[in-house]
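The values are calculated or read from the model by the stated rules, or taken from the named source; none is laboratory data. The model shown is predicted, which means the values in this text are computed figures rather than measured ones. In this analysis, Cβ positions are derived from the backbone assuming ideal geometry, glycine residues included, and neighbour counts consider all displayed protein chains.
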Amino acid sequence: MTDSNLAGPAPLTVGPADVSIVFESFFGNTHAVAEAIADGMRENLPIVPAPVRVSDALPSAVCDVLVLGAPTHAHSLSRSSSRREAEAWAKDLGKHLTLERESLGPGIREWLQTDPTPAWGYASFDTRVDMPRIFTGSAAATISRQLRKRGIRELVGPESFLVDKDSHLIPGELERARAWGVALARAVASVLPAVGREPR
Ligand SMILES: Cc1cc2nc3c(=O)[nH]c(=O)nc-3n(C[C@H](O)[C@H](O)[C@H](O)COP(=O)(O)O)c2cc1C
């Protein structure tokens, strides 16, 4: 074993990848997770722009790597009825939830219909309640299924970050999201030979 092996994995020297992180969030949890993932990705990739709210994202994003995140609503992606319900939750003062502005606009479900086609691949994440997935469903699994069906490469499997029954993030989940971002950036680096772009 050489000294450099002993020092741990060498830092990645990956050139710029055009990364797009698009999220939907009603109470801010998926938004905070998206920011933590971007921070983690920045450890291994030189340029990772701030996550973009789905209502501000261009239709059919043209990018190398697409990272999509959404809260789980009714076992899947939000739809207009569940968005209205989210608004009602925020009005319930006992829940201590503040609504982010996009509740009335289209969500990731509709945005996916614009056929985003990331050249290198995608990854998906969600927030959902801290219970076995069979009881909660997963928005990330829905995103993943849809993009995989279109033949787009999945860089890492869908991941969930957990909230409590009152929709507040469980302690430690932002750290886990950051670590997931680090791992995702490594996965991006590992597909570079397959997409024919050399690391710099
Ligand atoms: C209308 C509605 C339906 C929901 N349905 C589910 C569900 O089926 N499974 C689940 O785990 N969480 C469910 N939740 C909880 C959300 O996943 C949680 O509020 C979300 O993760 C918060 O993310 P956000 O702050 O980014 O909106 C639901 C929340 C709302 C408002």
- [ ] Looking at (1) touching a residue at least 12 places away in the same chain (Cβ under 8 Å); (2) surrounded by fewer than 17 Cβ atoms within 10 Å (Cβ to Cβ), find the lone condition where residue 163 falls short.
- [x] (2)
TODO: Assess whether residue 128 counts as being crowded, with 21+ Cβ neighbours inside 10 Å, within 13 Å of the ligand (Cβ to nearest atom) and either touching a residue at least 40 places away in the same chain (Cβ under 8 Å) or not hydrophobic (A, V, I, L, M, F, W, C) (or both).
DONE: yes
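Rundown of residues vs (1) modelled with pLDDT of 95 or more; (2) among the aromatic types (Phe, Trp, Tyr); (3) closer than 30 Å to residue 192 by Cα, yes/no style:
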site: 93; (1), (2), (3): no, no, no
site: 96; (1), (2), (3): no, no, no
site: 115; (1), (2), (3): no, no, yes
site: 120; (1), (2), (3): no, yes, yes
site: 133; (1), (2), (3): yes, no, no
site: 156; (1), (2), (3): yes, no, yes
site: 167; (1), (2), (3): yes, no, no
- [ ] State whether one or more residues within segment 64-83 are outside any loop (DSSP other than H, G, I, E, B), away from the ligand (no atom under 13 Å from the Cβ) and of a type in the set (Lys, Arg).
- [x] no
- [ ] Determine, yes or no, whether residue 128 is basic (Lys, Arg) and under 16 Å from residue 21 (Cα atoms).
- [x] no
Open item on the list: Return the residues of segment 134-174 that are within 9 Å of the ligand (Cβ to nearest atom) and either basic (Lys, Arg) or in a loop (DSSP other than H, G, I, E, B) (or both); say none if nothing qualifies.
Closed with: 138, 165, 166, 167, 168
Open item on the list: Being out of contact with any Leu (no Cβ under 8 Å at 6 or more places or on another chain) and within 20 Å of residue 62 (Cα to Cα) is the requirement here; does residue 124 meet it?
Closed with: no
- [ ] Determine which member of the set 49, 59 is more than 11 Å from the ligand (Cβ to nearest atom) and either part of a helix (DSSP H, G or I) or within 15 Å of the chain's Cα centre (by Cα) (or both).
- [x] 49
